[in-house]
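Notes to accompany the following structure.
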Amino acid sequence: MSKQASMVFKSDSLVNAMTVDVEDYFQVSAFERHIARDSWDKLPCRVERNTNRVLELFADHGVRATFFTLGWVAERYPCLIRHIVDAGHELACHGYNHVRVTEQTPVEFSTDVKQAKQLLEDISGCPVLGYRAASYSIGAKNLWALQVLAELGFQYSSSIYPVKHDLYGMPEAPRFRFRPVGAEDLQEFPITTVRFGGRNFPCGGGGYFRLLPYGVSRWAIARVNASERQSCIFYFHPWEIDPDQPRQKGISAKTRLRHYLNLSRMERRLDRLLRDFRWDTMANVFLTPS
Ligand SMILES: [Zn+2]
């Protein structure tokens, strides 16, 4: 696309929400059977360096984003948290220990999230309004979690992916913002999908963004913006721009493909994505009255 065409494309589109799930390469749910939580402290951490690189990338494009951050990371890297906030980004909560909500009782879930929210607020001095579940693990069987989030004072969650997937997803969920029954003080903002041939397809980032050519994601986001007049939510992780991270042994071929595919191309793709669309934080896109 020429520079001029890109500018026209950009000015026509809505503002979308850019989000980052701040966790390290060894904390992803796909590795949880291979890397014990009590070994995390002994592994070489790369999250600070990678998140700083993400901050540079956003600064280059004048983009503000929402950083859904693990309490575990915040506790070890308080300077990084202050750096995120000082650069004008929104700090939000990704739980403390990256345990999937499907693996927790309501009490365990509440304790984990409360601890992380408190830590993030103490370090940043800012109220934390948003939450995202580890691996989009809120779905039809545990919608009670949204009620817990409302009780803990969150204004929104972005934890449901309305797609059919082997590890997560609630394909029957609304595709755009909704107020959950029994937790009406909270809004859920599902990760963006594109509707095609009667099915929802992911277009909010993750492995799909690295697997498919960039043009597919660009087409899908533009379609949701132009045809449905809805802002999109895009997410990625700091470890996705780190092709030199240590390689995990003993994982399945599918997990290996999902985690490591095209890491070396990710930064370039993000660069195009940041240039091609307009981006802001979750709070600015969805909570600020227009
Ligand atoms: Zn995560």
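Coordinate-derived values only; no laboratory data. Note that this is a predicted model, so its numbers are computed, not measured. Note that we place each Cβ from the backbone using ideal geometry, even for glycine, and neighbour counts take in every protein chain shown.
General remarks:
- Rg followed by Dmax, in Å, when region 3-287 is reduced to its Cα trace: 17.7, 54
- Mean-position separation - Cα centroids, region 35-58 and region 75-124, in angstrom: 15
- Cα-centred dipole magnitude for the chain, charges only on beta-carbon of K, R (+1) and D, E (-1), debye, nearest 20: 1260
- Neighbour counting of Cβ atoms within 10 Å sorts the residues 251, 233, fewest neighbours leading, into 251, 233.
- Close amide H pairs (under 5 Å, H built 1.01 Å from N) link residue 69 with 22, 92, 93, 94, residues at least 5 positions away or on another chain.
- If you plug the beta carbon distance of residue 208 and residue 45 into 1/(1 + (r/R0)^6) with R0 = 22 Å, you get a FRET efficiency near 0.25.
- Put simply, the Cα atoms of region 1-156 extend 53, 36, 33 Å along their principal axes, the longest span coming first.
- Efficiency of FRET between residue 76 and residue 35 - r from beta-carbon atoms, R0 22 angstrom, step 0.05: 0.85
- Each of 249, 141, 164, 117 has some number of other Cβ atoms within 10 Å of its Cβ, and from fewest to most they run 249, 141, 164, 117.
- Note, ³J(HN,Hα) from phi for region 252-265, Karplus 6.51, -1.76, 1.60, rounded to Hz, x at Gly and Pro: 6, 4, 5, 5, 4, 4, 4, 7, 9, 4, 6, 4, 6, 9
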